[in-house]
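**Q** Below you will find the structure I want to go over with you.
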């Protein structure tokens, strides 16, 4: 991270590195990479990384999915109760359908975000590959 890169930014700790897109290029859908370094039995170390969204985006997504799920379950229970009592369950079935659509729509939005961040994900990965090859100049020369 000491090499000035206009593509990436991050923090490096003893066994972990958090790498993301440089603030000038970052959007709310920009990917983050968490890299873990573990000792290898034969010497050296293993490098494992996982891409994901920013923690605030992930938390928001989970809360939205939970909200749609709870409301859909509640609507289904009320619809079944109305139907079993011989009453009209149509409004509750409509609410159930709307909640299922909303949950599916928000789930699909996550895939759109992944697509929007794919170029930035490549830049972050290219930076890590270049650093692991001990060639930080290649990391700053990547296309962005």
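**Q** Evaluate region 98-111: report whether one residue or more is surrounded by fewer than 14 Cβ atoms within 10 Å (Cβ to Cβ), in a loop (DSSP other than H, G, I, E, B) and out of contact with any strand residue (DSSP E or B) (no Cβ under 7 Å at 6 or more places or on another chain). Spell out how you get there, then give the answer.
**A** Our first condition is that a residue be surrounded by fewer than 14 Cβ atoms within 10 Å (Cβ to Cβ); within region 98-111, this holds for 101, 104-105, 107-109, 111.
Subsequent filtering for residues that are in a loop (DSSP other than H, G, I, E, B) retains none.
Among the residues of region 98-111, not one is surrounded by fewer than 14 Cβ atoms within 10 Å (Cβ to Cβ), in a loop (DSSP other than H, G, I, E, B) and out of contact with any strand residue (DSSP E or B) (no Cβ under 7 Å at 6 or more places or on another chain), which makes the answer no.
**Q** A further question on this structure: May I ask you to verify whether residue 124 is at pLDDT below 90, more than 19 Å from residue 62 (Cβ to Cβ) and in a helix (DSSP H, G or I)?
**A** Yes; evaluated as a whole, the condition is true for this residue.
**Q** Based on this model, can you work out whether residue 74 counts as touching a residue at least 12 places away in the same chain (Cβ under 8 Å), assigned by TED's automatic domain parsing to the domain that holds residue 110 and either surrounded by 14 or more Cβ atoms within 10 Å (Cβ to Cβ) or assigned to a helix (DSSP H, G or I) (or both)? Spell out how you get there, then give the answer.
**A** Working: touching a residue at least 12 places away in the same chain (Cβ under 8 Å): no; assigned by TED's automatic domain parsing to the domain that holds residue 110: yes; either surrounded by 14 or more Cβ atoms within 10 Å (Cβ to Cβ) or assigned to a helix (DSSP H, G or I) (or both): yes.
The answer is no for residue 74.
**Q** Among the residues of region 1-44 satisfying the criterion of being surrounded by fewer than 10 Cβ atoms within 10 Å (Cβ to Cβ), assigned by TED's automatic domain parsing to the domain that holds residue 130 and within 15 Å of residue 132 (Cα to Cα), which is modelled with the highest pLDDT?
**A** Among those that are surrounded by fewer than 10 Cβ atoms within 10 Å (Cβ to Cβ), assigned by TED's automatic domain parsing to the domain that holds residue 130 and within 15 Å of residue 132 (Cα to Cα), it is 38.
**Q** Only one of these is farther than 17 Å from residue 125 by Cβ and within 19 Å of the chain's Cα centre (by Cα): 22, 56, 72. Name it. Steps first, answer last, please.
**A** Values: 22 fails: farther than 17 Å from residue 125 by Cβ; 72 fails: within 19 Å of the chain's Cα centre (by Cα).
Being farther than 17 Å from residue 125 by Cβ and within 19 Å of the chain's Cα centre (by Cα) holds for just one of 22, 56, 72, which is 56.
**Q** Residues of region 50-68 being surrounded by fewer than 14 Cβ atoms within 10 Å (Cβ to Cβ) and either outside any helix (DSSP H, G or I) or in contact with a helix residue (DSSP H, G or I) (Cβ under 7 Å, 6 or more places away or on another chain) (or both), which ones?
**A** Within region 50-68, 50, 52 meet the criteria.
The values are calculated or read from the model by the stated rules, or taken from the named source; none is laboratory data. It should be emphasised that the depicted structure is a prediction, and the values quoted were computed from it without experimental measurement. A quick note on method: Cβ atoms are made from the backbone with ideal geometry, for glycine too, and the neighbour counts reach across all protein chains shown.
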